[in-house]
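**Student:** Mind having a look at this structure? Questions to follow.
The values are calculated or read from the model by the stated rules, or taken from the named source; none is laboratory data. These numbers come from a predicted model, not from an experiment. Neighbour counts run over all protein chains shown; Cβ positions are idealised from the backbone, glycine included. SASA here: full protein model, heavy atoms, side chains in, ligands and nucleic acids out. Shrake-Rupley method; radii C 1.70, N 1.55, O 1.52, S 1.80 Å.
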Amino acid sequence: MKTKEELIDDLLDLAFAEDIGDGDHTTLSTIPADAKGRSKLLIKAPGVVSGIDAAIKVLHKIDPEVKVEVLIPEGSEVKPGDIVFTAEGSVRSLLMAERTLLNIMQRMSGVATMTRSYQDKLNGLHTKVLDTRKTTPGMRMLEKEAVKTGGGENHRIGLYDMILIKDNHIDFAGGIEKAVERAKDYCNKTGRDLKIEVEARSLDDVRKLSEMPAVDRIMFDNFSPEQTREAVKIVAGRKETESSGGITIQNLREYGETGVDYISVGALTHSVKGLDMSFKAF
């Protein structure tokens, strides 16, 4: 299985292949090979900055000789006019890196900004906001990194690092008990130490799952705040609890006040507006 760094490297290879192809012919035709210059990452809208390390990776993959000075650290709240970092080196390299660098940073900063706005709604509560697998293909590692930058926490990265038994699994397996039993047996037989989370569709499901030693976390799927409060009481701290489905920034606080441990929000990564910024010569 590939590491996070290997996946990011693959993403950059693909990004360069689709953007640069066999050469940035505008730059190659107008800029001398020995031209040197400086560019700045300029913020044009308020938000939370994320993706600085990824941006540096882009620059150094194009040209290891480019020098970068970071002026504002990852996770900082920024405003129009702020300069996050400067880069100095070959003008050709700066121009070729520009679009890929911006695409990644704008997306990651948008995710971090969205996440911060959600987590801020939960101030004073122990509840944490979680991301989901509803990510941009190829950018999952970076988007989940941005969620953490924004103050949220990561759910499972993919299908391989946690068992999440949802409604379809339960129905195909023939019920909650069989699904959980098979999941635990699979972990034992394969030597995998994976957390097991199960989706509950009713308070009766919550009661069953609360009594199952193999279950680590119970997901309350599309429960109302009132149902969630009752479910949290049933679990009584014996398992981790998570709310999912139908939760917006408008009702997030109400769910958090039920005492649930986590609230998963797909919008953190699937409904994000990129943070406006530019990479300008100066």
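**Student:** E153: open to solvent by less than 30 Å² (accessible area, probe 1.4 Å), under 30 Å from I8 (Cα atoms) and in contact (Cβ under 8 Å) with a residue 40 or more places away in the chain, yes or no?
**Tutor:** Taking the combined requirement at face value, the residue does not satisfy it.
Table: residues versus (1) at pLDDT 95 or above; (2) farther than 21 Å from K128 by Cβ; (3) touching a strand residue (DSSP E or B) at 6+ places or on another chain (Cβ under 7 Å).
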| residue | (1), (2), (3) |
| --- | --- |
| E199 | yes, no, yes |
| D205 | yes, yes, no |
| E211 | yes, yes, no |
| I218 | yes, no, yes |
| R229 | yes, no, no |
| R238 | yes, no, no |
| S244 | yes, no, yes |
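**Student:** Answer yes or no as to whether L7 is in contact with an Asp or Glu (Cβ under 8 Å, 6 or more places away or on another chain), open to solvent by less than 80 Å² (accessible area, probe 1.4 Å), at negative phi and not in a loop (DSSP other than H, G, I, E, B).
**Tutor:** no
**Student:** Now a separate question. Select from region 229-270 the residues that are in contact (Cβ under 8 Å) with a residue 60 or more places away in the chain and open to solvent by 30 Å² or more (accessible area, probe 1.4 Å) and write down the one among them that is nearest to L164 (Cα to Cα).
**Tutor:** Y262
**Student:** Then there is this: R107: of a type in the set (D, E, K, R) and farther than 30 Å from G259 by Cβ, yes or no?
**Tutor:** When the stated conditions are applied, R107 passes them.
**Student:** Which of the residues spanning region 13-49 are under 13 Å from E98 (Cα atoms) and either assigned to a loop (DSSP other than H, G, I, E, B) or β-branched (V, I, T) (or both)?
**Tutor:** I20, D24, T27
**Student:** Checking the condition modelled with pLDDT of 95 or more and more than 26 Å from D10 (Cα to Cα), which residue from K61, K36, K57 passes?
**Tutor:** Residue meeting the stated conditions: K36.
**Student:** Quickly run through region 115-129 and pick out the residues that are surrounded by fewer than 20 Cβ atoms within 10 Å (Cβ to Cβ) and more than 21 Å from K44 (Cβ to Cβ).
**Tutor:** Within region 115-129, D120, K121, L122, N123, G124, L125, H126, K128 meet the criteria.
**Student:** Quick one: which of V68, V78 is within 21 Å of L12 (Cα to Cα) and open to solvent by less than 70 Å² (accessible area, probe 1.4 Å)?
**Tutor:** Only one candidate passes the filter, namely V68.
**Student:** So how many residues does region 185-205 have that are surrounded by 17 or more Cβ atoms within 10 Å (Cβ to Cβ) and over 20 Å from H155 (Cα atoms)?
**Tutor:** 1
**Student:** Need pairs with beta-carbon distance below 9 Å; first residue basic (K, R) and within region 217-228, second outside any loop (DSSP other than H, G, I, E, B); sequence gap 6+ or separate chains.
**Tutor:** R217/L164; R217/I196; R217/E197; R217/V198; R217/E240; R217/T241; R217/E242; R217/Y262
**Student:** Answer with yes or no whether F282 is in contact (Cβ under 8 Å) with a residue 40 or more places away in the chain, over 22 Å from the mean Cα position of the chain (by Cα) and either open to solvent by less than 10 Å² (accessible area, probe 1.4 Å) or over 20 Å from D167 (Cα atoms) (or both).
**Tutor:** Yes: the conditions hold for F282.
**Student:** Which of the residues belonging to region 105-114 are open to solvent by 10 Å² or more (accessible area, probe 1.4 Å) and closer than 26 Å to A17 by Cβ?
**Tutor:** Q106, R107
**Student:** Quick one: E181 ticks every box in (1) open to solvent by 10 Å² or more (accessible area, probe 1.4 Å); (2) of a type outside the set (F, W, Y); (3) in a loop (DSSP other than H, G, I, E, B) bar one, so which box is it?
**Tutor:** Status for E181: all satisfied but (3).
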